[in-house]
Amino acid sequence: MVESWSFLDTAESNFRPLVVIELAKGTKEETIEWFTKRIVDKKANGGAQLLMKPLVTENGVENIYLVGASHLRLLLGAEAVGLVKECSDNSMRTFTYSSRKTFKHYADDNHDFLTMAECQYIIKHELENLRAKDEKMIPGYPQAKLYPGKSIVRRLLTSGILVQIFPLHDREELKKLSHSWYGRVKIGYQPLDDIRCYFGETIALYFGFLEYFTFALIPMAVIGIPYYVFAWEDYDKYVMFATFNLLWSTVILEVWKRMCAILTYRWGTLLMKRQFEEPRPGFHGVLGINPVTGREEPMYSSIKRQLRIYLVSLPFVCLCLYFSLYVMMIYFDLEQWALDYHKENESNFSSLMLYVPSIIYAVVIEIMNLIYRYAAEFLTSWENHRLESSYQNHLILKVLVFNFLNCFASLFYIAFVMFDMKLLRQSLATLLITSQILNQFAESLLPYWLQKRYNRRMKKRMCSTKSDMDLSLAEQVNMEKEMGTYLGTFDDYLELFLQFGYVSLFSCVYPLAAVFAVLNNITEIYSDALKMCRVYKRPFAEPTANIGVWQLAFETMSVISVVTNCILIGMSPEVDALFPDSKMNLVLTVALVEHLLLAIKFIMAFVIPDKPRDIQMKLAKLEFESLEALKQQVRAFEMQLHFLLVHH
C-alpha cells in the first residue's frame with residue numbers, strides 16, 4: 001500500500017452515522033474518554049481512526065454514540081478485511097486501494113462504491129480489533145482486567161460496560177427493499193442481490209437456500225398430489241414415489257452447491273480468504289502465550305475441556321434423549337386411549353379425539369426442543385471453547401441429535417416396530433402441520449405484534465405521529481436500540497432441516513408432506529422478510545461462501561432417507577409377496593438395493609461438480625495470475641538485492 005494510515009483525517013464535514021454504541025448507564029467519564037480516544041485515535045497509535053459523535057437528545061447527551069468513517073478510511077478498511085469486488089473486465093478480485101480505479105463503478109466522488117452493509121462490517125472489524133497495549137485494566141474499572149493484545153470491545157461487553165453495538169438502519173433503502181421483497185404478494189424470485197447489499201451474504205444466502213428449497217419441493221408436491229388422491233390406501237404404488245424421492249434428495253443438494261457457488265462468486269465471498277479466528281468473548285483461562293500468534297491471551301487445557309464434554313455434556317445429552325423416548329411412550333399410551341375411546345363411542349367427537357394425542361405430542365416436542373436448546377447453549381458455553389466456530393459446531397451437533405430423535409423417534413417406532421402405516425401417516429401429517437403453525441407464530445407473528453405494540457408506545461411517549469421515514473435520528477436510534485436482536489440463521493436452518501426430514505424420510509407414506517412444506521415455505525419467505533425488516537435490529541453483515549455445516553447435515557439426512565425408504569419399500573405387500581418362502585432373502589435383497597442406491601447417490605455427488613465450469617475457469621485464472629504476480633515480486637526483490645550487493 002503506497003498510502004499510509006497516518007494521512008487520514010479523523011474529522012469529516014458530512015458525518016454519516018453507520019454504527020451505534022450503547023454504554024451502560026452510569027459509565028464513568030474516564031472510561032468514556034479513554035474508549036472514545038481509542039476509537040478516533042490514529043492507527044499508528046493503536047486506534048481505529050474512525051469518527052465518533054455522542055447522540056444528543058432533548059434530555060441532553062446519553063450514553064449512546066454514533067460511529068462512522070471517512071470515505072477514504074472505509075476504502076482502506078475494505079482492503080484490510082479483504083473485500084472482493086468486481087473489476088472493469090468483469091473479473092472478481094480482492095480490493096486494494098492502490099488499484100482502486102480498475103474496479104467497476106469506482107470513482108473518487110462515488111460514496112456508494114461500498115454498500116452500507118460492507119461499510120458497517122468494516123467498522124465492526126476495526127472496533128473488534130481495537131487491542132489493549134500497555135493497559136492493565138479498563139480505566140475506572142479495576143476489576144475489568146486487560147492484557148496486551150486483548151480485544152477492548154470484547155472486554156467491555158463481558159464486563160457489562162458496553163451494552164450493545166448494532167448497525168443503523170437506512171430507512172429509505174429499507175423501504176425500497178421491503179416493497180420489492182415482501183411489500184406485495186407476487187410470483188417471482190426474491191431480490192437476493194438487494195438483500196445481500198443491505199443485510200450481507202449470510203442472510204442473503206439463507207433466503208437463497210429457502211427459495212431454492214421451496215422450488216425444489218414443487219416436483220415432489222406435484223407428483224404427491226395424484227398419489228394422495230388416487231392411491232391413498234395402496235402403498236404398493238408408493239414404490240415409484242419413494243424411488244423418485246431418493247434421487248430427488250441427492251440431486252437438489254448437489255445442484256444447490258452449484259447455485260451457491262454462482263451466488264457467492266458474484267458477491268465476492270467465494271474468493272475471500274479465511275481470516276485468523278480470535279478467541280470468542282466468553283472464553284476464559286490462565287494467561288499464557290499463544291504459540292501461533294505470540295500474543296498473550298487466556299489458555300485453557302484441552303484435557304479439561306474434553307473431560308467436561310465426555311463426563312458432563314455427553315451424559316446429559318443421553319439423559320435428555322432417554323427422557324424424550326419416555327415422553328414418546330406416554331404419547332403412544334394416549335394414542336391407545338384415544339383409539340379405545342373411539343371404538344366405544346363411534347361419534348364425530350371421538351373421531352376428532354384421534355388427532356388430539358398427536359397434536360399434544362407435537363406441542364410438547366416444540367417445548368422440549370426449546371428447553372433443550374437453552375440447556376445445550378449453557379453446556380456448550382461451559383465447555384469453554386476457544387473459537388466461535390468450535391463453539392457453533394458443538395452446539396449444532398448437540399441440538400441436531402436431540403431434535404432428530406425428539407421429532408422422528410415416534411415415526412421410526414410406528415413404522416418399524418408397530419408396522420402401522422395408517423398411524424404413521426396420521427402422525428406425520430399432524431407433527432408436520434402443527435410444528436409449522438407453531439413456528440410461524442413463535443418466530444414471526446408474535447415478535448411482530450410485540451414490536452408493533454412497543455413502537456406505538458414509544459411514539460406515544462415521544463408525542464410523535466410521524467411515520468418511520470420521518471423520525472429524527474435520535475428517535476430512530478432510541479426506537480432501534482429497544483428492538484430484538486437477531487441471533488443468526490441457526491433456528492431458520494434447523495427448521496428447514498427438520499422439514500427436509502419430514503419430507504424425505506417418510507414422504508412415500510404421506511405424499512402431501514411436500515405440498516404442506518411448499519405452502520409453509522412461501523409464507524416463511526414473507527414472514528422472515530418481515531421479521532428482518534420490521535422486528536429485529538439490523539444485524540451486521542457476515543461474509544460467507546456457503547451454508548457451512550448445514551450442507552453436511554442435509555446430506556446426512558438424505559443418506560438416512562435412503563435407508564428408511566428402502567425398508568418401507570421392502571415392507572410393502574407387493575414386494576413381500578415376491579419372497580413367500582424366505583424372509584431372509586427379502587432382507588438381503590432390500591439391503592442390496594439400499595447399498596446400490598447409496599452407491600448411485602455417492603456417484604452422482606461425485607459426478608456433479610460443486611462449481612460450474614465457467615467459475616472453475618475464472619478461479620483457476622485468478623490463481624494463475626496471483627502466482628505470476630508473486631513471481632514478479634520475488635524477481636524484483638532478487639534484482640534489488642543483487643544491485644545492493646554489487647554496489648556494496
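The values are calculated or read from the model by the stated rules, or taken from the named source; none is laboratory data. Owing to the predicted nature of the structure, the values given are computational and were not obtained by experimental measurement. Positions of Cβ are backbone-derived with ideal geometry, glycine not excepted, and every protein chain shown enters the neighbour counts. Note: accessible area is taken over every heavy atom of the protein model, side chains too, but ligands, DNA and RNA are not part of it. Shrake-Rupley method; radii C 1.70, N 1.55, O 1.52, S 1.80 Å.
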Some residue of the stretch 266-275 being under 30 Å from residue 81 (Cβ atoms), assigned to a helix (DSSP H, G or I) and either touching a residue at least 24 places away in the same chain (Cβ under 8 Å) or open to solvent by 70 Å² or more (accessible area, probe 1.4 Å) (or both): yes
Hits in the stretch 475-534 - residues which are outside any helix (DSSP H, G or I) and modelled with pLDDT under 85: 507, 508, 509, 510, 511
Single residue of the stretch 447-474 satisfying the filter (among the hydroxyl-bearing types (Ser, Thr, Tyr) and part of a helix (DSSP H, G or I)) that is modelled with the lowest pLDDT: 454
Close pairs from the stretch 95-111: first open to solvent by 40 Å² or more (accessible area, probe 1.4 Å), partner among the small types (Gly, Ala, Ser), Cβ under 7 Å, at least 6 apart: 102/88; 104/88
Residues located in the stretch 115-137, provided they are among the aliphatic types (A, V, I, L, M), within 18 Å of residue 51 (Cβ to Cβ) and out of contact with any Gly (no Cβ under 9 Å at 6 or more places or on another chain): 116, 127
In the stretch 566-611, the residues that are closer than 20 Å to residue 247 by Cα, of a type in the set (Val, Ile, Thr) and open to solvent by 70 Å² or more (accessible area, probe 1.4 Å): 600, 603, 607
Unique match (being over 28 Å from residue 479 (Cβ atoms) and of a type in the set (Phe, Trp, Tyr)) among 141, 198, 182: 141
Checking residue 134 against (1) in a helix (DSSP H, G or I); (2) more than 21 Å from residue 284 (Cβ to Cβ), the condition it does not meet: (1)
Odd one out for residue 288, checked against (1) assigned by the TED database to the domain that holds residue 413; (2) open to solvent by 30 Å² or more (accessible area, probe 1.4 Å): (2)
Selection count where residues are open to solvent by less than 60 Å² (accessible area, probe 1.4 Å) and either of a type in the set (Lys, Arg) or under 12 Å from residue 92 (Cβ atoms) (or both), scope the stretch 614-624: 3
Residue list for the stretch 394-434, restricted to those being closer than 30 Å to residue 154 by Cα, open to solvent by 50 Å² or more (accessible area, probe 1.4 Å) and in contact with a helix residue (DSSP H, G or I) (Cβ under 6 Å, 6 or more places away or on another chain): 394
Residues (open to solvent by 50 Å² or more (accessible area, probe 1.4 Å) and of a type in the set (Lys, Arg)) located in the stretch 68-94: 93
Within the stretch 81-124, tally of residues that are under 22 Å from residue 627 (Cβ atoms) and assigned to a helix (DSSP H, G or I): 1
Out of 6, 13, sole residue that is at pLDDT below 90, outside any loop (DSSP other than H, G, I, E, B), open to solvent by 60 Å² or more (accessible area, probe 1.4 Å) and not assigned by the TED database to the domain that holds residue 155: 6
